[in-house]
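This report concerns only the one structure given below.
Throughout, read-outs are computed from the coordinates displayed, never taken from laboratory work. Source: prediction; values computed, not measured. Note that each Cβ is placed from the backbone with ideal geometry, even for glycine, and that neighbours are counted across all protein chains shown.
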Amino acid sequence: MRKTTAIGGLGPPAPERRVTLRSQWIFSKTEAVAPNGMVTADPLAAEAGVEILREGGNALDAALATAFALGVTSPIGSGLGGIAGLIVWREGKASSFDGSTRAPLASRPEMFELVGGDARSGMYGWPAVKNDANVEGPLSVSVPGAVAAYELAHRRLGKLPWARLFEPAIRLARDGMVMDWYSTLVFGTSAVRLHKNAEAKRVYYREGGAPYRPPTGFEPPDRLIQPDLARSLESIARGGAKVLYQGELAVAIADDIRALGGILSREDFAAYEAGAPPAQAVDYRGHRVVTIPGLTGGPTVARALGLLDREDLRRHGQQSAESLHRIAVAVRAAFAERLESMADMPNTTHVNAVDRDRMCVALTATLGGGFGSAVMIKGTGIVLTNGTYWFDPRPGRPNSIAPGKRVLWAGAPTIVLHDGEPFLVCGAPGDGRS
């Protein structure tokens, strides 16, 4: 980051006198280069993945270790209680894994009371629901799918032992992470939601409810320690995903949600299975773009590229008004098709990993909204996704909520190939508007 400090000078005499140059912030960033592997994510979590690569793990091992660590360091966007999708390229073959969520089996189309009028809420701008019950709180939760997808991917393509991938995350949760200004801001701005849940308030805030302190120059920063989450991670490391879907954690989650007035049950967890559908691919200007299929952002990316492939964008300057206009028109058309035809229907985190053998992984994980449902399950450190807010709260619509119905979410982890070899591994944290 570089700052220019020149103070504005005076131009011509009055009445045209004006400031001709103002101080401004100019940000710059160096390029990371590595010949034998790379992981991109938040710094602490990325180091977890690099640790795994150094030990001989492959790109999938590194991506999963990073994803587990992100659940500790960036709980606003992902965690054991969230969902995920990932695309893997290895030895000329693409594999995709679907860890999306389903509505609770006890869901019903008329379960939410609408505010009425023109009131809207949530990321997708659905009609507002009384008390935001579909956005936060016990009725907003749905079955988390990330851990099931991670285990399925690891069973097929992983290299190091499953339990080894959890060690960096367990260490971060047990020993704690030093708060910085960004973390304090995130927890501070989310206090209105998180304070409604006693467990989340107890874990994420100081006694009295204030966020943990960053370094101020007058006092040392606080450290966020999450021992309950460390124990949950240890349990899944030892016993696998079944601990979350059929074991002690499933029981703890279902019982606590029911006590809080929700409908998520043990049966919802026992019935959940992750998927491994064939990857979706589209050709675009001499490249092969591979992404996840189904009720995700992948088909929308493919459709937008298909529309843009008909345009000669090289006739217009990069980032020019005409170029951006044509891209916007294509994306708008792809999204219109998505919302009209795709149904059964965030803060987010994204991880890219590449190893020395050029195995590539793009992984997108989310809790839905910021901190998901804002409900932390007592004694586990796990915050659950608010999957019901992806559904239209009005009955009789393509994306109305229904028992066991899958969501339409926006994740689109993508790998781009050129001449059959990996050229770009990408994805984005954010929401359906990103």
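Computed quantities for the displayed model
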{"quantity": "Peptide ranges 149-159, 164-174, 186-196 listed from the most packed, as the mean C-beta count within 10 angstrom indicates", "calculated": "164-174, 149-159, 186-196"}
{"quantity": "Neighbour-count order for His316, His418, fewest beta carbons within 10 angstrom listed first", "calculated": "His418, His316"}
{"quantity": "Residues Arg22 and Leu185, FRET efficiency given R0 of 25 Å [Cβ-Cβ distance, rounded to 0.05]", "calculated": "0.45"}
{"quantity": "Set of aspartates and glutamates near Lys130 by C-alpha distance (under 12 Å), chain-local residues within fewer than 8 positions excluded", "calculated": "Glu113"}
{"quantity": "Sorted by Cβ neighbour density within 10 Å, fewest at the top, the residues Cys360, Cys426", "calculated": "Cys426, Cys360"}
{"quantity": "Part-to-part distance (alpha-carbon centres) for segment 31-102 and segment 260-302, which is given in Å", "calculated": "17"}
{"quantity": "Estimated translational D of the chain in µm²/s (Stokes, Kirkwood radius over Cα pairs; 20 °C; 1.002 mPa s)", "calculated": "94"}
{"quantity": "Which of Phe269, Phe68, Phe27 has the fewest Cβ neighbours within 10 Å, and the rest in rising order", "calculated": "Phe27, Phe269, Phe68"}
{"quantity": "Residues of type aspartates and glutamates that Lys378 reaches as a straight line, Cα spacing below 16 Å, ignoring anything fewer than 8 places off in the same chain", "calculated": "Glu199, Asp228, Glu248, Asp255, Asp256"}
{"quantity": "Charged-residue dipole, Cβ positions (Lys, Arg, Asp, Glu), the chain about Cα centre, Debye nearest 20", "calculated": "620"}
{"quantity": "Whichever lysines have a C-alpha closer than 22 Å to that of Lys29, once near sequence neighbours (fewer than 8 apart) are set aside", "calculated": "Lys3"}
{"quantity": "Whole-Hz ³J(HN,Hα) from phi, Karplus 6.51 cos²θ - 1.76 cosθ + 1.60, for segment 92-107, glycine and proline x", "calculated": "x, 9, 9, 10, 10, 9, 10, x, 6, 10, 10, 5, x, 5, 8, 5"}
{"quantity": "Where Rh is the Kirkwood radius over Cα pairs, Rg/Rh for segment 71-132", "calculated": "1.14"}
{"quantity": "Phi to ³J(HN,Hα) by Karplus 6.51 cos²θ - 1.76 cosθ + 1.60 over segment 210-226, Hz, x for Gly, Pro", "calculated": "6, x, 4, 7, x, x, 10, x, 10, 9, x, x, 7, 10, 8, 10, 10"}
{"quantity": "In segment 244-335, the trypsin sites (Lys or Arg not before Pro) that fall in loop regions by DSSP, at most 15 other Cβ within 10 Å", "calculated": "Arg285, Arg310"}
{"quantity": "Estimated 222 nm signal from helices in the chain, with DSSP H stretches of n ≥ 4 weighted -39500 (n - 2.57), rounded to 500", "calculated": "-9000 deg cm²/dmol"}
{"quantity": "Evaluated at q = 0.16 Å⁻¹: base-10 log I(q)/I(0), Debye formula over Cα of segment 192-340", "calculated": "-0.94"}
{"quantity": "Segment 59-135: relative contact order in percent, alpha carbon pairs under 8 Å with at least 6 residues between", "calculated": "15"}
{"quantity": "Extension gain from Arg310 to Ala259, taking 0.36 nm per residue of separation minus the Cα-Cα distance", "calculated": "12.8 nm"}
{"quantity": "Extension gain, Ala198 back to Ala119 (0.36 nm per residue minus Cα-Cα distance, nm)", "calculated": "25.6 nm"}
{"quantity": "Lys29/His325 FRET efficiency (R0 25 Å; Cβ-Cβ; nearest 0.05)", "calculated": "0.35"}
